[in-house]
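Have a look at the structure below, then the notes.
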Amino acid sequence: MDDMRKIGIGLTGVGVLFTMLGVIFLFDRTLLAMGNLLFLAGVPMIIGLKKTSKFFFQRRKVKGTACFLGGVLMVFFGWSFFGLIVEGFGFLNLFGDFFPVVLAFLRNMPVIGNVLQMPFMRAVTDRLISKSRLPV
C-alpha cells in the first residue's frame, strides 16, 4: 500500500469520526463540515481520482450523488440537520451496494459473527446478502 492510500484512509477515517462527533454534539455545523471535507478528500486518495469520478457519476447513481453533494452543501450553508438527512439518503443510494459485502465480512468475524448467526438476525441478514452483487 502506497503512502497516498494510507493518507486517504486516515482522512476518510477522521472525516467519519468528525461527522459522528458532529451528530453527537447536536448537529454541530463545524464538525459536520470538517467531516464532509475530510471524507471527500480521502476517497479520491484511496481509489484514485479517475475511479472516484467514474463511481460518483455513473448514470444509475446520479440521484445519490446529487443528494450526497446537495446535503454537503446544505451543511456548509448552516442547515446541518436537514443537510445530514439528505446526505444520508445520498450515501445510502451511492454505497448501498456495498452493505451486503460488508455484512458477509462481518458474519465471519469472531464476536459480531456470533451475534449475526442468531436465528432472528440470520433471517434478516440472509435477505440482505441474497441480493448481493459486486458494486464495482
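Applied to the range 75-92, the Karplus parametrisation 6.51 cos²θ - 1.76 cosθ + 1.60 on θ = phi - 60° returns per-residue 3J(HN,Hα) values of 5, 4, 8, x, 9, 5, 5, 5, x, 5, 5, 5, 5, x, 4, x, 4, 5 Hz, with x for Gly and Pro. Taking label points 7 Å from Cα along the Cα-to-Cβ direction, residue 49 and residue 109 give a separation of 3.4 nm. Along the chain, counting only chymotrypsin sites (Phe, Trp or Tyr not before Pro) with a DSSP assignment other than H, G, I, E or B and at most 14 other Cβ atoms inside a 10 Å radius, the longest segment between sites is 78-136.
Magnitude of the charge dipole for the range 30-136, about its Cα centre and with charges confined to Cβ atoms of Lys, Arg (+1) and Asp, Glu (-1), is about 500 debye.
Label separation (residue 37 vs residue 14): 1.1 nm, computed from points 7 Å beyond Cα along the C-beta direction. Approximating the spin labels as points 7 Å out from Cα along Cα→Cβ, the residue 30-to-residue 58 distance works out to 3.8 nm. Compute the FRET efficiency between residue 2 and residue 102 as 1/(1 + (r/R0)^6), taking r as their Cβ-Cβ distance and R0 = 30 Å, and round to the nearest 0.05. After rounding to 0.05, the efficiency reads 0.80.
Only the coordinates and a few stated rules stand behind these numbers; no lab work does. Quick caveat, the model's predicted, so the values are computed rather than measured. Using ideal geometry, Cβ is built from the backbone for each residue, glycine included, and neighbour counts are taken over all protein chains shown.
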